[in-house]
Amino acid sequence: QVQLVESGGGLVQAGGSLRLSCAVSGNFDSVKSMAWYRQTPGKQRELVAASPNSGNAYYGNFVEGRFTISRDNANHTVYLQMNSLKFEDTAVYYCAGLGIQSVYWGRGTPVTVSS
């Protein structure tokens, strides 16, 4: 089992920045990639960014160079730096640990961008 706890969400003006954090605990060997997803009411959860254990990070098309995913493996923490935030980025952001047969989810942290 893997436990994920997100933090760092909040209210920010359009054009501003936020950094989300995800504290990871449990069986790290079962996780092959860490990712951030987001979801708004009535829409499917969508991938924001992913960081495989080996290989390059990749991002949703809407990111357009504004977000950066990073990992502090020594401290078991994953970050999502979000810059140039837009109103459309308003969502609940979820940290995910992607295993071969399982996906582990955090409870999410809300991000609200005011226009």
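The values are calculated or read from the model by the stated rules, or taken from the named source; none is laboratory data. Just so it is clear, the model here is predicted, and its values are computed rather than measured. With ideal geometry, Cβ positions are generated from the backbone for all residues, glycine too; neighbour counts draw on all protein chains shown. Accessible surface areas use protein heavy atoms only, side chains included; no ligands, DNA or RNA. Shrake-Rupley method; radii C 1.70, N 1.55, O 1.52, S 1.80 Å.
Do the conditions hold for residue 7, that is, is it among the polar types (S, T, N, Q), more than 18 Å from residue 74 (Cα to Cα) and open to solvent by 40 Å² or more (accessible area, probe 1.4 Å)? So residue 7 passes the test. Looking only at residues in the stretch 10-20 that are open to solvent by 40 Å² or more (accessible area, probe 1.4 Å) and assigned to a strand (DSSP E or B), the one that is nearest to residue 85 (Cα to Cα) is 13. Which of the numbered conditions does residue 40 fail, given that it passes all the others? Conditions: (1) under 17 Å from residue 110 (Cα atoms); (2) in contact with a Ser or Thr (Cβ under 9 Å, 6 or more places away or on another chain); (3) touching a residue at least 60 places away in the same chain (Cβ under 8 Å). With (1) under 17 Å from residue 110 (Cα atoms); (2) in contact with a Ser or Thr (Cβ under 9 Å, 6 or more places away or on another chain); (3) touching a residue at least 60 places away in the same chain (Cβ under 8 Å) applied to residue 40, the lone miss is (3).
Name the single residue, out of those in the stretch 86-115 being charged (D, E, K, R) and without any contact (Cβ under 8 Å) to a residue 60 or more places away in the chain, that is least open to solvent (accessible area, probe 1.4 Å).
89
Take the conditions (1) within 25 Å of residue 25 (Cβ to Cβ); (2) at pLDDT 95 or above; (3) over 14 Å from the mean Cα position of the chain (by Cα); (4) not acidic (Asp, Glu); residue 55 misses just one of them, which is (2). The residues of the stretch 70-85 that are surrounded by 14 or more Cβ atoms within 10 Å (Cβ to Cβ) and over 14 Å from residue 23 (Cα atoms), listed by number, are 81, 82, 85. Within the stretch 43-83, being in contact (Cβ under 8 Å) with a residue 12 or more places away in the chain and small (Gly, Ala, Ser) holds for 49, 50, 51, 57, 60, 70.
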